[in-house]
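FYI, it's all coordinate maths here, none of it is from the lab. Since the structure is predicted, the reported quantities are computational estimates derived from the model, not experimental observations. All Cβ positions, even for glycine, are placed from backbone atoms using ideal geometry, and neighbour counts span all protein chains on display.
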């Protein structure tokens, strides 16, 4: 198994460790609910150094990215980021990702840890325009400092005006004495905060500086389990659960990152445009439990008579709502808010209600 440069720190904290995307990662430290509420109410730090970073550079960088991603990269200004996905040529999704725009000939793609090699192979196979590709994943460490107190903590460590870094923008500046840190606000928790990208050799220094700065604010390390419950409360998709090579962005409710502009030609454009016009048979929806129960990945979704109509892709007990919430694919007619659905749990049908996301 691979490890991040913070691995020794996680072991010192006696974190519960497990394999994730080929890495030995911290799943929880003090308990999922405690960590979850720390991020919602104060500030927590995630080691997300397992994520992948790929540079796309050169005069053909924009044309290349317009082809391989669904969102309109030409709409970006320097210092802006964008959520997008790679269509796979068959109507599915290779991966979802972030696109950071540094300059017209310099972009950074941040991709899911489990898909780094798959994404790299896909990009290389589609690169017929001569874009310069550089897989920098092994050279970056990344920390996500999330929660309402994140700005207060990090502002002690930098002269960069963090309040000016709005959602889905970024700056490159000095943080805790480390130069050229990418400071972005593209969080996966809905609680506010920042992500810091820096060279591996500064890992220990950056962690210690952040935790020293955050003592008054009650800063804590947060594991991947709470990261999952936090993103689910916001209705954010997780690759491998809610989206994958068999789901289209239209089915998944990601039509908003699928831009059918005349000036943008991209893989699967015609197929996805047809889906947008005609609709899809199935849709990803969010639901809350009415009966007591916690939805889990792969649970079957049924109608009131017990006929299977879909399956759960993500589910948990929401620490904020104190009820079960989840996401799943159902026929389009069942995906409307207010629809009553049922989960098959150990031979019983538990009632749930389709709701609009985010859940909180």
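Mind listing P(r) for the chain? All alpha-carbon pairs, 20 Å bins, whole percents.
29, 58, 13, 0
Given R₀ = 41 Å, what would the calculated FRET efficiency be for residue 155 paired with residue 3, taking r from the Cβ atoms and rounding to 0.05? Could you put the intermediate results ahead of the total?
Numbers: r = 31 Å, r/R0 = 0.75.
E(calc), rounded to 0.05, equals 0.85.
Which order do 334, 256 fall in if you start with the one that has the fewest other Cβ atoms within 10 Å? Mind dumping the intermediate values first?
Details: 334 20, 256 10.
Going from sparsest to densest Cβ surroundings: 256, 334.
Once each part is reduced to its C-alpha centroid, what is the distance from the range 286-360 to the range 37-100 in angstrom?
What the calculation gives is 29 Å, centre to centre.
Could you give me the radius of gyration and the Dmax of the range 281-355, taking only the C-alpha atoms into account and expressing both in angstrom?
10.7, 32
Packing-wise, with mean Cβ within 10 Å as the measure, how do 91-101, 237-247 rank, highest first?
Numbers: 91-101: 22.1, 237-247: 18.6.
Highest mean packing first, the order is 91-101, 237-247.
Can you figure out the FRET efficiency of residue 204 with residue 14, using R₀ = 25 Å and their beta-carbon distance, to the nearest 0.05?
On the way: r = 18 Å, r/R0 = 0.71.
Once the sixth-power term is evaluated, E becomes 0.90.
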